[in-house]
Amino acid sequence: MPLPKIAALALTVSDPEGLVAFYCDILGMRCMEDTSALAVGYGGENARLEFAASTDSAPYRTDRNDRYWKIAITLPDLDCAYRQLRARGIEVTAPNQFRDIAYMSHLADPQGNTIELIQHTFGGNPLTRKGDEAQPLGGGTRLGLITLRTDDLDAEFRTCRDELGMRYLSRQDVPDFDFCLYFFAFADEATPVPDVNAVENREWLWQRPYTVLEFQHRKAGRIARRSSGQTGAAAVLIENPGAHRTVLR
C-alpha cells in the first residue's frame, strides 16, 4: 500500500506571482500544472510550494515565535550554489559547517521568507557529486525540509508518529541556542544507525528524495500561529492513499 506523502507547503504571501518568478528563475523550481493552486516545485517525491494571496495589508515580518520557520533546499554542492547566487546579486550567507548538523547557507525570498540551503554532505567531506554550473544551484536540488516551531513536543509526536504514522528519524540538540530539532517523514527505510541522536544519520538525512518535516522545539517562549489570510500563515498538506488530505498548521 502506498505511503502518505508530504505533498505541499501552503504559504500566504502578498505577491504570489512575484514569488513564482523568483523560485523558478533563481532557485530552479518549475510551475506545477497538476494542481489548482499557484504552485512551484522540483517534482519527484518532494513537496511543492503553494502560494495564496494575503488579505493582510501589513508587510511580512518574520518572528522567532512564529509557528512557520523555513524551508530547506538540499543539494550536492553548496559552494557552487553560493557562487551562482552571489553572481546574480542575491544576498546569501557564506557556506558554514554548523556544529555537527549540516554545511549550510541562508537567504530570504523577496517576501522575507527564510530559505536554508543544505549540502548533502558535511563541509570538507566528499560531495555526492560536483555542481553543474549550467544548472540552477548546481543541480540535484530538492525541497528537503519544511520546518515548523513548537512549544508542545508531545503534541507533535502524538500527531506525526502516533496518528499519522510518520517515522521519527533524527533528534539534533543545539543546547547553546536553547532549542532541539526533531525530524519526521513518511518512509519505509530505516536510518543507518538506530539511535535518533546519531551524527552518522545526518548526512543521510540531507540526501533523502522525499521531503522531511522538521520541528524546532523551543525551550522558552510561546509559539504563535498566524491566522488564515494573514501574510506568513502556513500549512503543511499531507496526501493520503485514497485522496484523503490532512492539513498540519
Of all residues in the range 13-42, which are at pLDDT below 95 and closer than 29 Å to LEU205 by Cβ? MET32, ASP34, THR35, ALA37
Could you list all residues from the range 21-58 that are acidic (Asp, Glu) and either more than 12 Å from ALA7 (Cβ to Cβ) or in a loop (DSSP other than H, G, I, E, B) (or both)? ASP25, GLU33, ASP34, GLU45, ASP56
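Restricting the search to the range 1-20, which residues are in a loop (DSSP other than H, G, I, E, B) and under 18 Å from the mean Cα position of the chain (by Cα)? Don't jump to the end; show me each part of the working.
Residues of the range 1-20 in a loop (DSSP other than H, G, I, E, B): 1-4, 14-15.
Correct list: PRO4 only.
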Selection count, the range 144-158, where residues are part of a helix (DSSP H, G or I) and of a type in the set (A, V, I, L, M, F, W, C): 3
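Pick from the range 1-57 the residues that are of a type in the set (A, V, I, L, M) and closer than 21 Å to GLU91 by Cα: which of them is surrounded by the most Cβ atoms within 10 Å (Cβ to Cβ)? Spell out how you get there, then give the answer.
Going through the range 1-57, the residues of a type in the set (A, V, I, L, M) turn out to be 1, 3, 6-11, 13, 19-21, 26-27, 29, 32, 37-40, 47, 49, 52-53.
If we keep only those that are closer than 21 Å to GLU91 by Cα as well, we get 13, 19-21, 26-27, 29.
Working: VAL13: 24, LEU19: 20, VAL20: 19, ALA21: 12, ILE26: 19, LEU27: 22, MET29: 22.
Here the answer is VAL13.
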Checked the range 221-248 for anything surrounded by fewer than 18 Cβ atoms within 10 Å (Cβ to Cβ), under 15 Å from ALA52 (Cα atoms) and either touching a residue at least 24 places away in the same chain (Cβ under 8 Å) or acidic (Asp, Glu) (or both); matches are SER228, GLY229, GLN230
Pairs please, first residue from the range 130-141 and touching a residue at least 12 places away in the same chain (Cβ under 8 Å), second anywhere and outside any helix (DSSP H, G or I) and of a type in the set (Asp, Glu), Cβ atoms under 7 Å, 6+ apart in sequence or on different chains. LYS130/ASP77; GLY131/ASP77; GLY138/ASP77; GLY138/ASP132; GLY139/ASP132
Condition (residue is in contact (Cβ under 8 Å) with a residue 40 or more places away in the chain and of a type in the set (S, T, N, Q)) applied to the range 185-196: is it met by at least one residue? no
Hey, any hits in the range 159-182 for a residue that's surrounded by fewer than 16 Cβ atoms within 10 Å (Cβ to Cβ), modelled with pLDDT under 95, out of contact with any Ser or Thr (no Cβ under 8 Å at 6 or more places or on another chain) and in a loop (DSSP other than H, G, I, E, B)? yes
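The values are calculated or read from the model by the stated rules, or taken from the named source; none is laboratory data. Just so you know, these numbers come straight off a predicted model, no measurement behind them. Every residue, glycine as well, gets a Cβ built from its backbone with ideal geometry; the counts of neighbours run over all protein chains shown.
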